[in-house]
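One structure is given here, and the rest of the page talks about it.
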Amino acid sequence: MPVLLRVTSGPHLGQEYATDRPESFLVGRSSRVQFSMSRDLLLSREHFQIEHAPPFCHLVDLGSTNGTKVNGLRVERVLLREGDVISAGDSSFLVHFSADSEERKAFLICAGCGGRIPRLNLNSELDHGTESTCNPYQLCQECEHRRLEFPKTKVDILIESWIGGGGMGQVYKGRQLSIGRPIAIKMISPATPLGDKAEAFFAREIEIMRDLLMPNGECHPSIVTFYEMYKIEGEFHLVMEYVDGKNALEWVKGLDRPLPISSAAQIGRHLLSALDYAHGKGYVHRDVKPTNLLVMGPVHRPRVKLSDFGLAKSFEGTEGLTTFTREGDLGGSIGFISPDQIRQYSDVRAPSDIYSAAVTLFYLLTNRYPYLGFDGAIRSEALDAILQNPPLPLRALRPDAPEGFERVLLKAMAKQPKDRYRTALQMAEALRPFASSSS
């Protein structure tokens, strides 16, 4: 099935690229790519790639400076469908798949995978009464079988794979069929031993994510976007933006060299910008750590999304707070929590997140906690180390780190909140000189 990209806005308005055979082609500012847009100075030299392998056609962002959007949503990799609008640089592209009249008569398009469904098979299913009359979305047999493999959810959502899970629930990758949007669905696991408390944490996360939305309905660019919540058969389903990346710990382990200082500074600036926004809304995260950061893009230009607000709380008021935190509670992950989080977990403020952000950067750069002999296990000597021991200087493990960068982390890891940066934004500005110009 041929695919055509038509430029609908920008300096190359009206220009087209079409192919009727399986191939991959690049779009960008370079004269060497197959679909060259040399006059659009906001495009990267190699901005995105189209992988055309009928009946599928995928778009892959190539780590572009300004990103690529499909139907208004920033993407890393996405299955393209008829009528999709791609936005990149100062240009927009309309996606069109052409088929002859006989092909249109013979096939429907699967709302799940974009593949073709023979109308003959569909009519046969209808004749035998197997097609669900309450499902308005036509799915191929493979997608129908996939739907049965996963927990029941809304008819508009097709779960595609399991991402991961823990005590607070299970997370799945899926697609919102009505608009072709990739999503992540977080559910409370019915087998969770935490029972009502886990459900209460989950419900609170939903309220926080709603509250973190910006006035225009969008979230901060470095916070995972919340879409909707519903309940099916006693389970909460939280539908969020799907981030096509890895948690920061996995991302760093996948690099072929130690994380560069400039990349760590960029990650830190994204993270601290997200925290500054959350703090401005009255929330402290309380569980900042590498596995709650999702990282996308190349090592020289990483982008970050902060996730998992299940432990967050409002520090502007205490109404309802005692439901979730009691004297002696110790939340978060032991290797990344602040001394103040140990002293009084229920009353931590923004400086606690700043401390955790610094430890997160230290760990990503060294694969070590910033205390001698500390292994992350919960025991009294570990708590004593956080409360009393001075943190290790970064340059003891990373001699390539500038002294100024080390000073930023040491200040952020001060034992007393008053000795740290006053705001997350202040720390982000302190990291600016160590980040590359593309940050």
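The values are calculated or read from the model by the stated rules, or taken from the named source; none is laboratory data. Source: prediction; values computed, not measured. In this analysis, Cβ positions are derived from the backbone assuming ideal geometry, glycine residues included, and neighbour counts consider all displayed protein chains.
Just give me the residues in segment 247-285 being outside any helix (DSSP H, G or I) and either touching a Ser or Thr at 6+ places or on another chain (Cβ under 7 Å) or assigned by TED's automatic domain parsing to the domain that holds PRO182 (or both), in sequence order. Break it down into steps so the answer makes sense when it comes.
Within segment 247-285, the first condition is being outside any helix (DSSP H, G or I), and the residues that meet it are 247, 254-260, 281-285.
Answer for segment 247-285, where residues must be outside any helix (DSSP H, G or I) and either touching a Ser or Thr at 6+ places or on another chain (Cβ under 7 Å) or assigned by TED's automatic domain parsing to the domain that holds PRO182 (or both): ASN247, GLY282, TYR283, VAL284.
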Out of the residues in segment 93-114 that are at pLDDT below 70 and not acidic (Asp, Glu), which is surrounded by the fewest Cβ atoms within 10 Å (Cβ to Cβ)?
-> SER101
Could you list, in sequence order, the residues of segment 8-36 that are buried (at least 16 other Cβ atoms within 10 Å of the Cβ), under 12 Å from GLY89 (Cβ atoms) and touching a strand residue (DSSP E or B) at 6+ places or on another chain (Cβ under 6 Å)?
-> GLY10, VAL27
Mind checking which residues of segment 356-395 are under 25 Å from GLN426 (Cα atoms) and either among the hydrophobic types (A, V, I, L, M, F, W, C) or touching a Cys at 6+ places or on another chain (Cβ under 7 Å) (or both)?
-> ALA357, ALA358, VAL359, LEU361, PHE362, LEU364, LEU365, ILE386, LEU387, LEU392, LEU394
What number goes with the only condition from (1) at pLDDT below 70; (2) surrounded by 15 or more Cβ atoms within 10 Å (Cβ to Cβ); (3) among the acidic types (Asp, Glu) that ASP90 does not pass?
-> (1)
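Answer yes if at least one residue in segment 357-377 is within 22 Å of GLY280 (Cβ to Cβ), in contact with a strand residue (DSSP E or B) (Cβ under 8 Å, 6 or more places away or on another chain) and at pLDDT 85 or above, and no otherwise.
Residues of segment 357-377 within 22 Å of GLY280 (Cβ to Cβ): 357-358, 360-361.
Checking the rest, the ones that are also in contact with a strand residue (DSSP E or B) (Cβ under 8 Å, 6 or more places away or on another chain) come to 360.
With the extra rule that they be at pLDDT 85 or above, the set shrinks to 360.
There is at least one residue in segment 357-377 that is within 22 Å of GLY280 (Cβ to Cβ), in contact with a strand residue (DSSP E or B) (Cβ under 8 Å, 6 or more places away or on another chain) and at pLDDT 85 or above.
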Give segment 180-223 a look and list any residue that's closer than 30 Å to LEU425 by Cβ, at pLDDT 75 or above and in contact with a Gly (Cβ under 6 Å, 6 or more places away or on another chain), or say none.
-> LYS186
Among what's in segment 1-56 and is charged (D, E, K, R) and within 27 Å of the chain's Cα centre (by Cα), pick the residue that is farthest from PRO298 (Cα to Cα).
-> GLU51
Can GLU131 be described as at pLDDT 80 or above and either in contact with a helix residue (DSSP H, G or I) (Cβ under 7 Å, 6 or more places away or on another chain) or outside the structural domain of GLU51 (by TED's automatic domain parsing) (or both)?
-> no
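Restricting attention to segment 212-231, which residues are outside any loop (DSSP other than H, G, I, E, B) and more than 12 Å from the chain's Cα centre (by Cα)? Outline the logic, then answer.
Of all residues in segment 212-231, those outside any loop (DSSP other than H, G, I, E, B) come to 223, 226-231.
Residues satisfying the conditions are TYR227, GLU228, MET229, TYR230, LYS231.
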Do we find a residue being modelled with pLDDT of 85 or more and within 18 Å of the chain's Cα centre (by Cα) anywhere in segment 135-157?
-> no
Scanning segment 334-370 residue by residue, those within 26 Å of the chain's Cα centre (by Cα), assigned to a helix (DSSP H, G or I) and among the aliphatic types (A, V, I, L, M) turn out to be ILE334, ALA350, ILE354, ALA357, ALA358, VAL359, LEU361, LEU364, LEU365
